[in-house]
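> What follows is a structure written as structure tokens; I'll ask about it next.
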Amino acid sequence: MGQPVVHFEVIGKDGARLQSYYADLFGWQIDSDNQMNYGTVQRDGNTNSEGAGIGGGVGTGPEGYDGHVTFYVDVPDAEAALAKAEELGGTRVMGPDQVMEGLVIGQFADPEGHVVGVVQGRM
């Protein structure tokens, strides 16, 4: 069985503006009441009638960073997943980094340059 996509992410230069935009566009309830002002979109309340949908986040990137749109795949070992991505021709972008207790993330670029994230732990 494959590993599931568990999180999407939209990062840009003006996180508050993007949060407002996507909230208005899709009706998402976005909670950015945290130290990083990272706007979380919970899965609950954001699914279709069949229950399909994932949670995600909208926020601001580091100074000078244009941003990205990506998804995260749940993996048992973020370092192992990043190493395998590199073995298969990808390039490590970041990580693995522990971003909060029990949550480790990393990102890689596939051979065509698309950024994909891996997450170890509970989001």
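> Return one whole number: the accessible area per residue of the chain in Å², for a 1.4 Å probe.
Value returned for the chain: 65 Å² of accessible area per residue.
> Here's another thing I want to ask about it. For the chain, what is the calculated [θ] at 222 nm in deg cm²/dmol (nearest 500), taking -39500 (n - 2.57) for each run of four or more DSSP H residues and dividing by its residue count?
-5500 deg cm²/dmol
> At a 1.4 Å probe, what is the % contribution of carbon and sulfur to the accessible area of segment 14-123? Could you put the intermediate results ahead of the total?
Values: 3530 of 7110 Å².
After summing per-atom areas, the C and S share lands at 50 percent.
> Which of Val93, Val75, Val58 moves most in a GNM of the chain, Cα contacts under 10 Å?
Result for the chain, Cα springs under 10 Å: Val93 fluctuates most.
The values are calculated or read from the model by the stated rules, or taken from the named source; none is laboratory data. Since the structure is predicted, the reported quantities are computational estimates derived from the model, not experimental observations. Remember, those area values only see protein heavy atoms, side chains included, never the ligands or the DNA or RNA. Shrake-Rupley method; radii C 1.70, N 1.55, O 1.52, S 1.80 Å.
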